[in-house]
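Colleague: Take this structure first; my questions come after.
The values are calculated or read from the model by the stated rules, or taken from the named source; none is laboratory data. Quantities reported herein were computed from a predicted structural model and do not represent experimental measurements. Positions of Cβ are backbone-derived with ideal geometry, glycine not excepted, and every protein chain shown enters the neighbour counts.
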């Protein structure tokens, strides 16, 4: 199990915030007259009932008073009370006071923690009181141990904001699925968490996006589990601490005594098992020539369908062509027989796989009826078309009668009416899927609007331009893009770079299963020159069983390369700005795989290159990448990170828009994750980190071709 480690970074950040809170805690927050300086100080707690860390509490109500009027923001997703409450307490902010009224019976000899995160803010400027938690006990002692860490989405290292994190002292695997979490908290905007109020003991730690609100795992929810049993401990130490001003400048350096709570490096990689129950969701007949069946999960074994009405198809397996969507859960049966197409109702005996109540897959026999009723919009459109046709016929008869009488008639109107009354022969629609300029690795594709029965390559002509003259070259036969995509065909050819081509598809080259053929279509296209691309070679400290993806500005994969002997290569890359992600591909299937709790299977590990790759035309780039060099929560570049901390309307940057770039960098460092900006220590990644640092860090070089 991977761990995020930066104990010194966490500790330093905790100390800074603690001292800042103490420094300003005793100062009254006097309101400024209109036009005065902006208030940047958070609300200050002036009194609590009971007192903080009170023992032997017997009531059911907590009151917290402040030096100014306060509000509670996003209470439902930020405020958490531990242990878990079955009947949620009533939490209210009124004036300068917040009250918490418990509705559950208070448990004896139990430490309670009301964690407000950053939900408390002042009324005027919305300054948040970060990390405030109120603790008391119904017994003679306070349980004060803590466990800290971070929750990241396993597939892309996005911080998991405001998800539940909790633990069980019951170490059975089934506790997470059967019992509510015992002690809980929520992650903050950076995905960080601290579970407080713990007794000494052994625990399993979990994260949960608790959609159904029962504080336990459901197979459809996002989850994470820590592989190791944790035993919280505490120790004291002294350090030189720095107090900062509110604009992040050094104020005072002091010596302080602090408590270190361990473990503070728990990494929870959240994933969804992508559990989908296999069952028949729906079926219908969207058009006379098509049947549609949708399942709750991807279908690997196709259903067995036999037409029982109309009769005559019981032993005929050639009455359809099957199309399947990319997800694999939706099936389209294109009818090939005119008798079926004309039938008002088609009855099918179906056998398909589905899950029973115990999640076992079994064959199930069913009878499905597919009726077709024209949609209202189509009926209305046909009525309007018929009405317009009748009007045209009547008008044409009037004009012809005038012509017979020798009267002057507008011949253009007559010709237009005659043309409008001609019912065009239906044609197969065919379009090119490419633009006029294609990449060197592309093939030419065509899209059709009905399954194809035959392609006559004698009526397909491919030409290559030499100087200013097009000359014919042999074209390979069109092939279906994949087994279940009936609407896309490609020309499987490798085109010459920096060359021009012309593809002509003459009439009747493509014939659909309904006998329709195409009109003539053509496309002129150019293949880019190799000089218009860049080549990238990535050297990673992973020998194999991994792949690297080049990502665009939306964090979407553009190109993928398998790592072989520690190297991933990307040839003919468009000159853009890219990002990189590496996946440890433990099963070598070329894609990221999720985890499975019942199998104790963690999701495949993902790493991000923390910098950008800016590629230029006709350049070769080599890049060294130690995937362990940067702390995991700091790897993903901010430019493509989606789950970012919320921006407060009263941020200092609004009043200091002209800050220097150096000050901006200081702000970024100060506001970064509480896991700090240094690297791992104390886990399996430390050796890579130290080795890389001793060798002088990573390097890259680029040269022009």
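Colleague: Taking the criterion of being touching a helix residue (DSSP H, G or I) at 6+ places or on another chain (Cβ under 8 Å) and part of a strand (DSSP E or B), would at least one residue in segment 551-561 satisfy it?
Modeller: Scanning segment 551-561, I find at least one residue that is touching a helix residue (DSSP H, G or I) at 6+ places or on another chain (Cβ under 8 Å) and part of a strand (DSSP E or B), so the answer is yes.
Colleague: Which of the residues spanning segment 338-360 are surrounded by 13 or more Cβ atoms within 10 Å (Cβ to Cβ) and in a strand (DSSP E or B)?
Modeller: Residues satisfying the conditions are 346, 347, 348, 349, 350, 352, 353, 354, 355.
Colleague: Give me the residue from segment 174-184 that is surrounded by fewer than 21 Cβ atoms within 10 Å (Cβ to Cβ) and more than 26 Å from the chain's Cα centre (by Cα) and, out of that set, farthest from residue 221 (Cα to Cα).
Modeller: So the residue we want is 182.
Colleague: Go through (1) part of a loop (DSSP other than H, G, I, E, B); (2) more than 14 Å from residue 287 (Cβ to Cβ); (3) out of contact with any strand residue (DSSP E or B) (no Cβ under 9 Å at 6 or more places or on another chain) one by one and return the number of the condition residue 326 breaks.
Modeller: Checking residue 326 against (1) part of a loop (DSSP other than H, G, I, E, B); (2) more than 14 Å from residue 287 (Cβ to Cβ); (3) out of contact with any strand residue (DSSP E or B) (no Cβ under 9 Å at 6 or more places or on another chain), the one that fails is (3).
Colleague: Another one. Could you list, in sequence order, all residues of segment 515-540 that are closer than 30 Å to residue 340 by Cβ and surrounded by fewer than 17 Cβ atoms within 10 Å (Cβ to Cβ)?
Modeller: 515, 519
Colleague: Still on this structure, please answer the following. How about segment 476-513: which of its residues are assigned to a loop (DSSP other than H, G, I, E, B) and buried (at least 18 other Cβ atoms within 10 Å of the Cβ)?
Modeller: Passing the criteria: 478, 495, 509, 513.
Colleague: Can you tell me which residue among 593, 585 is surrounded by 14 or more Cβ atoms within 10 Å (Cβ to Cβ), within 30 Å of residue 207 (Cβ to Cβ) and without any contact (Cβ under 8 Å) to a residue 12 or more places away in the chain?
Modeller: Just a single option satisfies the conditions, and that option is 593.
Colleague: Name the strands (runs of 3 or more DSSP E) wholly inside segment 567-626 in which the number of residues that are at pLDDT below 95 and outside the structural domain of residue 555 (by TED's automatic domain parsing) is 1 or more.
Modeller: By residue number, no strands (runs of 3 or more DSSP E) qualify.
Colleague: Keeping to segment 420-434, report how many residues are surrounded by 10 or more Cβ atoms within 10 Å (Cβ to Cβ) and at pLDDT below 90.
Modeller: Residues in segment 420-434 being surrounded by 10 or more Cβ atoms within 10 Å (Cβ to Cβ) and at pLDDT below 90: 4 in total.
Colleague: Can you confirm whether segment 372-380 contains a residue that is surrounded by 11 or more Cβ atoms within 10 Å (Cβ to Cβ), part of a strand (DSSP E or B) and touching a strand residue (DSSP E or B) at 6+ places or on another chain (Cβ under 6 Å)?
Modeller: No: segment 372-380 contains no residue that is surrounded by 11 or more Cβ atoms within 10 Å (Cβ to Cβ), part of a strand (DSSP E or B) and touching a strand residue (DSSP E or B) at 6+ places or on another chain (Cβ under 6 Å).
Colleague: Among the residues of segment 75-125, which ones are in contact (Cβ under 8 Å) with a residue 60 or more places away in the chain, more than 23 Å from residue 198 (Cα to Cα) and in contact with a strand residue (DSSP E or B) (Cβ under 8 Å, 6 or more places away or on another chain)?
Modeller: 120, 121, 122
Residue by residue, here is whether (1) surrounded by 14 or more Cβ atoms within 10 Å (Cβ to Cβ); (2) under 26 Å from residue 642 (Cα atoms); (3) assigned by TED's automatic domain parsing to the domain that holds residue 87 holds:
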residue	(1), (2), (3)
186	yes, yes, no
194	yes, yes, no
212	no, yes, no
224	yes, yes, no
229	no, no, no
246	no, no, no
253	no, no, no
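Colleague: Could you please find all residues in segment 285-296 being closer than 21 Å to residue 343 by Cβ, surrounded by fewer than 18 Cβ atoms within 10 Å (Cβ to Cβ) and at pLDDT 95 or above? Full working, then the answer.
Modeller: We begin by selecting, within segment 285-296, every residue closer than 21 Å to residue 343 by Cβ; these are 285-293.
If we keep only those that are surrounded by fewer than 18 Cβ atoms within 10 Å (Cβ to Cβ) as well, we get 286-288, 292.
Of everything in segment 285-296, just one residue is closer than 21 Å to residue 343 by Cβ, surrounded by fewer than 18 Cβ atoms within 10 Å (Cβ to Cβ) and at pLDDT 95 or above, namely 292.
Colleague: For residue 335, indicate whether it is farther than 18 Å from residue 482 by Cβ, touching a residue at least 12 places away in the same chain (Cβ under 8 Å) and buried (at least 18 other Cβ atoms within 10 Å of the Cβ).
Modeller: Against the criterion (farther than 18 Å from residue 482 by Cβ, touching a residue at least 12 places away in the same chain (Cβ under 8 Å) and buried (at least 18 other Cβ atoms within 10 Å of the Cβ)), residue 335 qualifies.
Colleague: From 274, 264, which residue is buried (at least 21 other Cβ atoms within 10 Å of the Cβ) and part of a loop (DSSP other than H, G, I, E, B)?
Modeller: Exactly one of 274, 264 is buried (at least 21 other Cβ atoms within 10 Å of the Cβ) and part of a loop (DSSP other than H, G, I, E, B), namely 264.
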